[in-house]
Amino acid sequence: CYDDPLAGLTANICDPGQQFTWHFDTNDFAVTVLVQPAAGGGVFEYAPDIRTADDEAFEAIGSVLDGDRSLVHSLDLQPGDLQIFRGRHSLHRVTRVAANSCPRHAAIFAYTRAPGVIGRLARTRQLFGRALPEHEQAERERVRSDALLD
């Protein structure tokens with residue numbers, strides 16, 4: 001399980017004009033369900049297993065961030081589609097939702113192999129606009145299932 005009190009189950013909503021930029025997850029893997037696709041944009045893109053627990057793969061990540069699409073896959077998800085995804089090792093994003101589109105909605109269930117993993121304080125504040133005492137404690141303890149950067 002993922003012990004983060006804010007991020008174990010989230011409603012991921014991307015409104016018109018918004019996007020989720022390239023990132024890795026704190027959790028090891030997630031089960032996601034697309035509830036409502038955007039009418040334009042809002043495409044899930046990922047570079048599968050671009051890094052490992054032993055290799056941050058900064059050069060490969062940099063090439064994706066610089067626009068190299070050779071490692072990037074796109075999914076044409078439909079309502080109800082479920083995916084099991086290794087977001088800790090796979091760089092991923094949701095492209096910008098078109099300005100005239102409906103919002104994109106997805107449910108995300110997050111999981112970790114190691115107990116006690118909780119999101120870092122700064123990232124939690126960035127994602128949720130707040131943090132809880134559990135996040136402050138986790139920042140001191142730095143419990144992770146690997147040594148990768150978040």
* Asked: Take the residues of the stretch 97-117 that are farther than 14 Å from residue 36 by Cβ and among the hydroxyl-bearing types (Ser, Thr, Tyr): which is surrounded by the most Cβ atoms within 10 Å (Cβ to Cβ)?
  -> 112
* **strands (runs of 3 or more DSSP E) contained entirely in the stretch 1-73, each with at least 2 residues that are within 16 Å of the chain's Cα centre (by Cα) and free of Cβ contacts under 8 Å to residues at least 60 places away in the same chain** => 44-47
* Structure fact -> Residue hits (the stretch 53-96; surrounded by fewer than 17 Cβ atoms within 10 Å (Cβ to Cβ), under 21 Å from residue 145 (Cα atoms) and touching an Asp or Glu at 6+ places or on another chain (Cβ under 9 Å)) are 53, 54, 86
* To do: For residue 129, indicate whether it is out of contact with any Leu (no Cβ under 7 Å at 6 or more places or on another chain), small (Gly, Ala, Ser) and on the phi < 0 side of the Ramachandran plot.
  => no
* Lone unmet requirement of (1) part of a loop (DSSP other than H, G, I, E, B); (2) closer than 30 Å to residue 67 by Cα for residue 115 -> (2)
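Each reported figure results from applying straightforward, stated rules to the coordinates on display, with no laboratory input. Note that the structure is predicted; figures quoted are calculated from it, not measured. Here the Cβ is made from the backbone with ideal geometry for all residues, glycine too, and neighbour counts use every protein chain on show.
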